[in-house]
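Before any comments, here is the structure.
Taken together, the values in this text are just the output of simple stated rules run on the coordinates, not laboratory data. Remember, predicted model here, so these are calculated numbers, not experimental data. Note that we place each Cβ from the backbone using ideal geometry, even for glycine, and neighbour counts take in every protein chain shown.
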Amino acid sequence: MKQPFNYLRTGVLGLLMAATGVQAQNKVTLRTDAAAPTINRNIYGHFAEHLGNCIYGGFYVGDTSHIPNTNGVRNDIIAALRKLKVPNLRWPGGCFADTYHWKDGVGPKDKRPTLVNTWWGGVTEDNSFGTHDFLNLCEELGAEPYLAGNVGSGTVQELADWVQYVNFPGKSPMSDLRQANGRKDPWKVKFWGVGNEAWGCGGNMKPEYYSDIYRKYATFMSGPLFKIASGANSSDYNWTEVLMKNIPTNMVNGLALHHYSVIEWNHKGDAVNFTEEQYFQTMTSACFMDTLIRKHSAIMDKYDREKKVALVVDEWGGWYDVQPGTNPGFLFQQNTMRDAMIAGVTLNIFNNHADRVRMANLAQAINVLQAVILTKGDQIILTPTYHVMEMYNVHQDATQIPLEIQSNDYTSGKGKLPAVTASASKDKAGLTHISLVNIDPKKAQEITVSTQDAYKSVSGRILSSKMQDHNSFTQPDLVKPQAFSGAAIKDKTLTVKLPPCSVVVLELK
Ligand code: AHR
């Protein structure tokens with residue numbers, strides 16, 4: 001059996017060393033002898049909602065734009081996202097999904113009705129980016145689409161029709177309509193969300209009621225689909241308990257979970273001008289993902305010992321006050337090294353829980369919340385989060401290497417957190433990758449990694465800068481990965497020196 005990911009703290013030895021003013025040594029032990037799951041590439045998924053400038057101006061500029069595009073989608077965005085190896089993309093929301101009627105977004109664009117985007121800024125949505133645009137974009141990216149169905153204000157028939165429209169190969173009213181709209185072959189969409197945040201913007205339902213609603217909708221969604229139930233809001237463990245109790249495991253493939261790294265919902269703080277105390281609070285919320293996954297997984301284990309149902313963290317990331325001067329409903333925020341730390345810590349947690357967490361979606365891809373890309377007219381910049389997602393893509397579909405870790409503390413006036421987190425995997429070509437994060441913004445950390453295999457060489461890349469540092473349209477490359485020379489390997493012992501506030505991904509041969 002796989003050894004549980006073990007977070008050993010420095011304990012008595014640590015206390016003793018702290019008392020004598022000596023920093024304990026960080027230690028990581030790679031357990032290549034233990035059976036381990038594959039790190040599903042879908043953990044590295046993204047999310048694109050009709051919110052602010054994520055779709056319009058972000059992905060989509062229309063095919064008459066002066067910005068180079070493919071069927072209206074920006075070529076610079078397609079190129080940047082291909083480098084990330086985006087495995088799946090969730091659309092059209094979010095809260096927007098439960099107001100969205102897919103039939104309004106197919107057929108001639110000049111005939112499409114409009115709707116008011118009530119959740120996000122009250123702007124008029126012209127439905128010019130619809131099902132065909134999204135699914136063709138996914139084909140361009142080589143990403144699997146993940147469609148979020150409208151349960152809150154839609155009907156069972158509407159969602160069943162959407163499934164038939166995009167997936168049915170034979171003759172049917174919906175496949176005829178698809179062909180009339182210019183697409184002969186179905187797209188074969190596998191991932192389907194049955195509503196979004198049913199406990200909130202998706203209908204303010206109780207878990208007992210939503211369980212029944214889920215069962216009804218899922219019954220009429222035909223085909224071999226991967227159906228994802230709307231899951232818990234962060235630590236609402238009762239939601240998971242009730243759904244797992246009431247929905248048979250042969251009716252559901254994934255249970256969602258949403259958790260944002262936020263300081264306080266009423267005092268989220270500025271995305272760039274934050275204090276170390278706020279940084280620590282954000283890190284506390286990011287590290288809490290580990291507790292959330294353990295607790296939700298323990299509940300799921302009671303009803304699904306074989307782990308047939310995946311935990312799908314289909315919204316995660318940092319959430320701050322919107323950038324001053326921007327539409328408060330557009331959720332536009334800058335992205336700093338603090339966000340790179342959230343990404344590194346969270347992806348390590350997901351990798352280490354790959355047995356249950358088999359899909360996740362960073363919120364959101366472009367211009368919204370913890371975006372990987374920001375746009376301004378015809379320019380784009382890649383954020384620190386983009387670089388972490390790109391550095392970590394070596395873990396996609398690799399075999400997890402379970403590890404034990406003993407970390408020094410990062411202490412602040414608000415408490416303490418482990419300074420160092422890690423995850424590791426072995427890819428199909430036999431290369432071992434280790435990703436290490438030091439969230440301490442002031443202290444470097446030396447780490448000894450013990451391995452059971454002997455390696456001859458180590459190389460790697462690092463993303464490191466001051467915690468408030470970010471890329472901007474005047475300094476687009478202030479934060480970017482560099483070659484890393486702070487690691488040395490001798491037989492089965494690797495030593496690494498991580499600078500403050502850094503993410504490192506190493507390759508061992
Ligand atoms: O990602 C922004 C919003 O956060 C989503 O629309 C919603 O699902 C969540 O509350």
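Summary table
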{"read-out": "Virtual spin-label span in nm between Ala483 and Thr326, 7 Å along Cα→Cβ", "value": "3.6"}
{"read-out": "Contour minus Cα-Cα distance for Ser472 and Lys509 (0.36 nm per residue)", "value": "9.7 nm"}
{"read-out": "Exposed-site-free run, longest, the chain (rule: GluC sites (Glu not before Pro); DSSP loop; at most 12 other C-beta within 10 Å)", "value": "1-263"}
{"read-out": "Share antiparallel - DSSP beta bridges, region 41-397, percent rounded to 5", "value": "25"}
{"read-out": "Region 77-201 - Rg and Dmax from Cα coordinates, angstrom", "value": "14.5, 41"}
{"read-out": "For region 79-89, 3J(HN,Hα) per residue [Karplus equation, 6.51 cos²θ - 1.76 cosθ + 1.60, θ = phi - 60°, Hz, x = Gly/Pro]", "value": "5, 5, 6, 4, 5, 6, 6, 4, x, 8, 9"}
{"read-out": "In nm, spacing of pseudo-spin labels at Thr284 and Lys492 (7 Å Cα→C-beta vector)", "value": "4.0"}
{"read-out": "Additional length obtainable on full extension of the chain from Arg215 to Gln452, 0.36 nm per residue less Cα span", "value": "80.6 nm"}
{"read-out": "Relative packing of peptides 432-444, 480-492 - highest average C-beta neighbours within 10 Å first", "value": "432-444, 480-492"}
{"read-out": "Farthest positive-ward along the chain dipole, Cα basis, beta-carbon charges - from Pro108, Phe280, Ala48", "value": "Phe280"}
{"read-out": "Exceeding the 32 Å Cα-Cα cut-off - candidates Lys308/Lys490; Lys109/Lys308; Lys103/Lys227; Lys307/Lys456; Lys268/Lys295; Lys206/Lys307", "value": "Lys308/Lys490; Lys109/Lys308; Lys307/Lys456"}
{"read-out": "Residues in region 127-148 reached by a label modelled at Asn181 [backbone nitrogen below 20 Å; 7 Å Cα→Cβ]", "value": "127-141, 143-148"}
{"read-out": "Over 35 Å [Cα-Cα, the chain], rounded percent", "value": "33"}
{"read-out": "Met251 paired with His66, simple spin-label distance in nm, labels 7 Å along Cα-to-beta-carbon", "value": "5.6"}
